[in-house]
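Here's the structure, in structure tokens; my notes come after.
The values are calculated or read from the model by the stated rules, or taken from the named source; none is laboratory data. Just so you know, these numbers come straight off a predicted model, no measurement behind them. In this analysis, Cβ positions are derived from the backbone assuming ideal geometry, glycine residues included, and neighbour counts consider all displayed protein chains.
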């Protein structure tokens with residue numbers, strides 16, 4: 001179950017975006033007070049190694065740039081992912097605008113991996129993309145050696161669409177798998193409420 | 001809605017977009033010949049109705065159905081009678097057999113069923129001339145509990161089938177993941 005609400009405007013945030021809550025997570029636009037944690041988690045080389053557009057090294061300037069993009073909505077919808085109960089920063093997720101839809105992206109800080117947070121955040125964004133934004137389809141990419149990310153995409157209903165190469169900021173051109181989730185597949189899956 | 005992901009497979013509820021693939025598989029005599037209770041699905045319209053009915057029954061908590069995908073749809077599994085002792089039915093397209101894929105799929109489906117429903121045991125069956133199905137079921141912990149002669153609509157003949165049963169406790173200790 002996902003609740004989408006407009007939050008109270010955080011200090012210093014001129015254009016707060018929607019907030020998405022799941023069972024364990026809260027996805028919202030990050031603020032200045034999140035910079036230190038963003039730098040700590042996103043600055044881990046193991047994160048940038050699996051992502052196309054994560055800069056490395058990741059310092060205060062990169063965190064500020066991410067926050068500015070999230071606030072402005074430039075290029076799509078960008079969220080920081082927080083624990084719902086303790087409010088601790090866990091990772092990031094977003095929907096990047098693409099022709100005819102959007103591209104789903106996500107990352108979870110190394111200390112928080114392996115607990116299903118990426119799947120929970122990704123499923124929430126998928127529902128947001130189709131349910132709230134009315135997008136016709138979603139794209140996603142993962143490195144061929146990223147088994148965990150592939151599992152997340154499968155659990156969201158994405159279907160394999162091919163392999164290819166993709167440029168990344170840290171690792172140059174890497175082999176990737178391309179996945180697509182069409183709106184009609186998502187609609188079909190949502191009709192199944194049984195076990 | 002739940003999507004199960006195993007090492008090699010994605011397992012999810014059947015959708016309308018699966019109808020063409022299902023029609024191809026169910027038209028295959030080698031598939032139909034192995035199904036003790038193949039539904040009478042002669043075209044995509046019948047299959048679409050089957051998918052819709054399956055969805056309705058799943059939402060009512062009566063049954064579950066899964067399509068098994070390895071990039072494309074390669075098999076189906078169903079559990080009927082979730083409020084009692086459900087009956088498992090399944091098929092795998094012949095081109096994909098012999099690689100342990102069905103065992104991998106059924107292990108995940110049974111684990112999910114035992115975890116989410118108050119089921120004490122699952123029943124199934126295998127034709128006497130289908131030892132591969134019996135081997136697969138025994139690998140998962142099923143035991144033969146009887147046999148009978150039954151009319152097979154797909155074969156248009158009376159056929160001997162073994163009746164099998166898997167107890168929750170047995171699966172907990174002998175399912176694939178536990179046995180590994």
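I'd like to verify a number: residues in segment A:164-195 that are assigned to a strand (DSSP E or B) and either without any contact (Cβ under 8 Å) to a residue 12 or more places away in the chain or more than 9 Å from every other protein chain (Cβ to nearest Cβ) (or both), how many?
Of all residues in segment A:164-195, those assigned to a strand (DSSP E or B) come to A:164-168, A:172-182.
Now narrow it down to the ones that are either without any contact (Cβ under 8 Å) to a residue 12 or more places away in the chain or more than 9 Å from every other protein chain (Cβ to nearest Cβ) (or both): A:164-168, A:172-181.
Looking only at that region, the number is 15.
In this structure, is residue A:72 away from every other protein chain (no Cβ under 14 Å) and either within 16 Å of the chain's Cα centre (by Cα) or modelled with pLDDT under 95 (or both)?
Details: away from every other protein chain (no Cβ under 14 Å): yes; either within 16 Å of the chain's Cα centre (by Cα) or modelled with pLDDT under 95 (or both): yes.
Answer is yes for this residue.
Do we have any residue at all in segment B:113-125 that's assigned to a helix (DSSP H, G or I) and more than 14 Å from chain A (Cβ to nearest Cβ)? Before you say what the answer is, go through the steps one by one.
Keep residues of segment B:113-125 that are assigned to a helix (DSSP H, G or I), which gives B:113-116.
Next cut, more than 14 Å from chain A (Cβ to nearest Cβ) only: none.
Taking every residue of segment B:113-125 in turn, none turns out to be assigned to a helix (DSSP H, G or I) and more than 14 Å from chain A (Cβ to nearest Cβ).
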Report summary line: Sole miss for residue B:172 among (1) in a strand (DSSP E or B); (2) under 22 Å from residue B:7 (Cβ atoms); (3) touching a residue at least 40 places away in the same chain (Cβ under 8 Å) is condition (1)
Report task. Could you check residue A:192 against (1) closer than 30 Å to residue B:62 by Cβ; (2) in contact with a strand residue (DSSP E or B) (Cβ under 7 Å, 6 or more places away or on another chain) and say which number it fails? Result -> (2)
Query raised in the report: Do we have any residue at all in segment A:92-112 that's loosely packed, with under 14 Cβ neighbours inside 10 Å, modelled with pLDDT of 95 or more, out of contact with any helix residue (DSSP H, G or I) (no Cβ under 6 Å at 6 or more places or on another chain) and closer than 19 Å to residue A:23 by Cβ?
Result: no
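Take segment A:140-163 and flag every residue that is in contact with a helix residue (DSSP H, G or I) (Cβ under 8 Å, 6 or more places away or on another chain) and either within 10 Å of another protein chain (Cβ to nearest Cβ) or not in a strand (DSSP E or B) (or both).
Going through segment A:140-163, the residues in contact with a helix residue (DSSP H, G or I) (Cβ under 8 Å, 6 or more places away or on another chain) turn out to be A:140, A:142-143, A:148-149, A:151-153, A:155-157, A:159.
Within segment A:140-163, A:148, A:149, A:151, A:152, A:153, A:155, A:156, A:157, A:159 meet the criteria.
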